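Colleague: Before anything else, here's the structure in question.
The values are calculated or read from the model by the stated rules, or taken from the named source; none is laboratory data. Since we're looking at a predicted model, the values are computed, not measured. So basically every Cβ, Gly included, is an ideal-geometry build from the backbone, and we count neighbours across all protein chains shown. Note: accessible area is taken over every heavy atom of the protein model, side chains too, but ligands, DNA and RNA are not part of it. Shrake-Rupley method; radii C 1.70, N 1.55, O 1.52, S 1.80 Å.
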Amino acid sequence: MAIFQKAYQGYSGPLTKPMDRTFVIFRYALADVFQSRLFSAFFAVCFLLPILLMCFIYVFYNLEFLVQMEVDIEELTEIDGSFFLLTMQYPQNFMLFVMIMALGPAMISPDIRNNAMPLFLSRPINKPGYILGKLLVLLFLGSLVSWVPALPLFFWQGYLAGGGWLGDNLHLIFASIVTSFIWIVSLSLLSFAVSAWVQWKAVARLVFFGILFFGSAFGGVVTEIFGGSGGHMVNIFAGIEVIMRDLYRVDSNLLDWLADMKVSYALLQFFLLSMISLLVLTRRIRAFQVVS
Amino acid sequence: MTEISSSVDNLSVEDSPEEAQQPPENTAAKKPTKLRVPVLELDRLSVTFDRPILDNLNAKMYGNCIGLLGPNGAGKTTLLNTLLGFNRRTTGRASILGHDLTIENHFVRGMVSYMPERDSFISGMSGVRFVRMMAELSGLSSKVALERAHEVFFYVGLGEARYRNVESFSLGMKQLVKLAQAIVHGPRILFLDEPTNGLDPPARARMLQLIREIRDSGDTQIIIASHLLQDIESCCDEVLVLKDGKVAKYCNLEEERRSNKQFLLIQIRGDEQGFVEGLRKLGCEVALPNRRRIKAIIPQGVEIQHLYALAESLSVQIRNLDYKRDSLEDIFLRAMEED
């Protein structure tokens, strides 16, 4: 079908592997994300904290500098799991939340609203492939702003601290990866489900925000009235904090505001949230709407 | 003789014999039209939602361009959706080019393409990027997809608009973009759902011309769902008429055209009985649909002059003489009237 011929011709060349179709969705969605300058700026800001922490760790072990600055070394807190949890994981979780709230609802709803689903699903790609392609974008970007910059920080701290610090704190790497992964996947699926349901991205963002914060408030009220940890089951902020505390092996006295909730319940909470979101997605993402 | 001359002056020939014998513009004669494997095979196919939508459909169709014709709500789009794997069949089976849709659904989706009825696009994308993405999703490499996306835009006549955002396109342009995304990867089977919806006459003619060109390329078989008889008649060689989810009529337009079953509709004054007898002696098949009107299928070798000679010999006045052929409209209307 050369341009000068302007005649229709079929195609009999090689085809890509079926799995590559998911990455097509991923590539195009990723490129779309960076068309927004605002998001690009936000994404750059997400790297400021790891850079600042890297500088802080350097300064922490630079005794000459600390003496010059007249800092009392004994007053400085120890760099351990609590430090990484409070200074890195918590703020980055917040950044992840903002990022997913900005991107998630805009990923699925325009395709449904503009009736693009039949175009995708009439091709050799199925619903899981489509959802995975979109999810990979948030997983990729989320990883870049959470556990990926945390890794050099751990190694930097381990190198400067010496004395087997890295070996004693290897669990922090695992904690960072797993916590970020749980947070990204569950929030992403929830944002996709909301956007597939609402179909208008601005409204979907509000609903996403509302579900999380009203859920949190409702959970707090239930806990206050009835006691126990049942109310925390609808508060995913409590759930992720409990998981973080456990994985980072943080002293509970230090983080005494954390919910009194078992880790298994918190994990169950995220599992249920993801399953419900997937259920909504598979029901809402369809090639056509049945009109009774 | 004067009488006959005046009768000839009054002739209202809708289709002259020469025109009627010419192959129509849509004839796909250059490429083989028959395949051993049916393009579309339906075997007691039923689809039920809250009520039966498709009911026990049976068909075996081999055409290069297959039409699904029917009034609104007849089940055309549901049948297309079922063939694309969007709907689950309730009973029966369907296959495309011999591949069962249930067992080989993924494979079938690799060789088909779909142009939906409604506006369908991905927001925020330029035309060429949108079509390129669709090509890549169909399995073309990124480089080939880009090349073919540009080519297909020129092919459908939107070459100059290919960098514009799809959302800014007019309705006619959106229809063409939908066609472009459907043919960019050169599918084996192309499903078109109401392809001329909302198009003005020139755009409609252009769309039908493109469909005929794709059909005549022989690389792609087409299945069109439409309620517009003219669209189906000008593109298709086989037609399945649907009514209330059932097959109301199957019609092989290509065979109809080849057999050239044209008949004359004759209006006379005089000895009708004798004239009919005379026609039968000439080898014509004759029917009398209503008073003073005679339908006659004329065999090879019988010319109009023979009819005038017969009329003269019986002193019959030929008042009107029309060439007729069972048009798709006739077939469709009969199918709709039949219960």
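Colleague: Based on what the data block shows, is B:Asp244 out of contact with any Leu (no Cβ under 9 Å at 6 or more places or on another chain), under 22 Å from B:Lys76 (Cβ atoms) and touching a residue at least 40 places away in the same chain (Cβ under 8 Å)?
Modeller: Yes: the conditions hold for B:Asp244.
Yes/no matrix, rows are residues, columns are (1) of a type in the set (A, V, I, L, M, F, W, C); (2) outside the structural domain of B:Ala135 (by TED's automatic domain parsing); (3) buried (at least 20 other Cβ atoms within 10 Å of the Cβ):
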{"position": "B:Val184", "(1), (2), (3)": "yes, no, yes"}
{"position": "B:Asp193", "(1), (2), (3)": "no, no, yes"}
{"position": "B:Asp200", "(1), (2), (3)": "no, no, no"}
{"position": "B:Asp216", "(1), (2), (3)": "no, no, no"}
{"position": "B:Ser226", "(1), (2), (3)": "no, no, yes"}
{"position": "B:Asp231", "(1), (2), (3)": "no, no, yes"}
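Colleague: Which ones in the range B:93-132 are in contact (Cβ under 8 Å) with a residue 40 or more places away in the chain, surrounded by 16 or more Cβ atoms within 10 Å (Cβ to Cβ) and more than 12 Å from every other protein chain (Cβ to nearest Cβ)?
Modeller: Listed by number, the residues that qualify are B:Ala94, B:Ser95, B:Ile96, B:Leu97, B:Gly127.
Colleague: Right, something else. Quick check: is even one residue across the range B:314-321 over 30 Å from the mean Cα position of the chain (by Cα) and without any contact (Cβ under 8 Å) to a residue 40 or more places away in the chain?
Modeller: no
Colleague: I'm checking my understanding of the structure. Among residues of the range B:68-84 that are in a loop (DSSP other than H, G, I, E, B) and of a type outside the set (Gly, Ala, Ser), which one is most open to solvent (accessible area, probe 1.4 Å)?
Modeller: If we filter the range B:68-84 for residues that are in a loop (DSSP other than H, G, I, E, B), which is where we start, we get B:70-75, B:84.
Subset that is of a type outside the set (Gly, Ala, Ser): B:71-72, B:84.
Numbers: B:Pro71: 49, B:Asn72: 126, B:Leu84: 2 Å².
The extreme case among them is B:Asn72.
Colleague: For A:Thr16, state whether it is within 30 Å of A:Pro124 (Cα to Cα), among the polar types (S, T, N, Q), modelled with pLDDT of 90 or more and more than 28 Å from the chain's Cα centre (by Cα). Don't jump to the end; show me each part of the working.
Modeller: Working: within 30 Å of A:Pro124 (Cα to Cα): yes; among the polar types (S, T, N, Q): yes; modelled with pLDDT of 90 or more: yes; more than 28 Å from the chain's Cα centre (by Cα): yes.
Taking the combined requirement at face value, the residue satisfies it.
Colleague: Among the numbered conditions (1) at pLDDT 85 or above; (2) over 19 Å from A:Leu135 (Cα atoms); (3) β-branched (Val, Ile, Thr); (4) buried (at least 18 other Cβ atoms within 10 Å of the Cβ), tell me where A:Val263 comes up short.
Modeller: (4)
Colleague: Looking at the range A:163-176, is at least one residue within 20 Å of A:Thr87 (Cα to Cα), open to solvent by 50 Å² or more (accessible area, probe 1.4 Å) and in contact (Cβ under 8 Å) with a residue 24 or more places away in the chain?
Modeller: Checked the range A:163-176: at least one residue is within 20 Å of A:Thr87 (Cα to Cα), open to solvent by 50 Å² or more (accessible area, probe 1.4 Å) and in contact (Cβ under 8 Å) with a residue 24 or more places away in the chain.
Colleague: I'm checking my understanding of the structure. Among residues of the range A:125-150 that are buried (at least 21 other Cβ atoms within 10 Å of the Cβ) and outside any helix (DSSP H, G or I), which one is nearest to the chain's Cα centre (by Cα)?
Modeller: A:Ser146
Colleague: Please verify whether B:Gly75 is of a type outside the set (Phe, Trp, Tyr) and farther than 19 Å from A:Arg286 by Cβ, treating the condition exactly as stated.
Modeller: No.
Colleague: State whether one or more residues within the range A:36-48 are closer than 30 Å to B:Arg109 by Cα, within 14 Å of chain B (Cβ to nearest Cβ) and surrounded by fewer than 18 Cβ atoms within 10 Å (Cβ to Cβ).
Modeller: no
Let's see how each residue does on (1) assigned to a loop (DSSP other than H, G, I, E, B); (2) away from chain B (no Cβ under 11 Å):
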{"residue": "A:Asp20", "(1), (2)": "no, no"}
{"residue": "A:Val24", "(1), (2)": "no, no"}
{"residue": "A:Arg27", "(1), (2)": "no, no"}
{"residue": "A:Glu64", "(1), (2)": "no, yes"}
{"residue": "A:Val71", "(1), (2)": "yes, yes"}
{"residue": "A:Phe83", "(1), (2)": "no, yes"}
{"residue": "A:Tyr90", "(1), (2)": "no, yes"}
{"residue": "A:Val98", "(1), (2)": "no, yes"}
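Colleague: Quick check on B:Gly63: is it modelled with pLDDT under 90, open to solvent by less than 40 Å² (accessible area, probe 1.4 Å), more than 12 Å from chain A (Cβ to nearest Cβ) and closer than 30 Å to B:Arg36 by Cβ?
Modeller: Yes: the conditions hold for B:Gly63.
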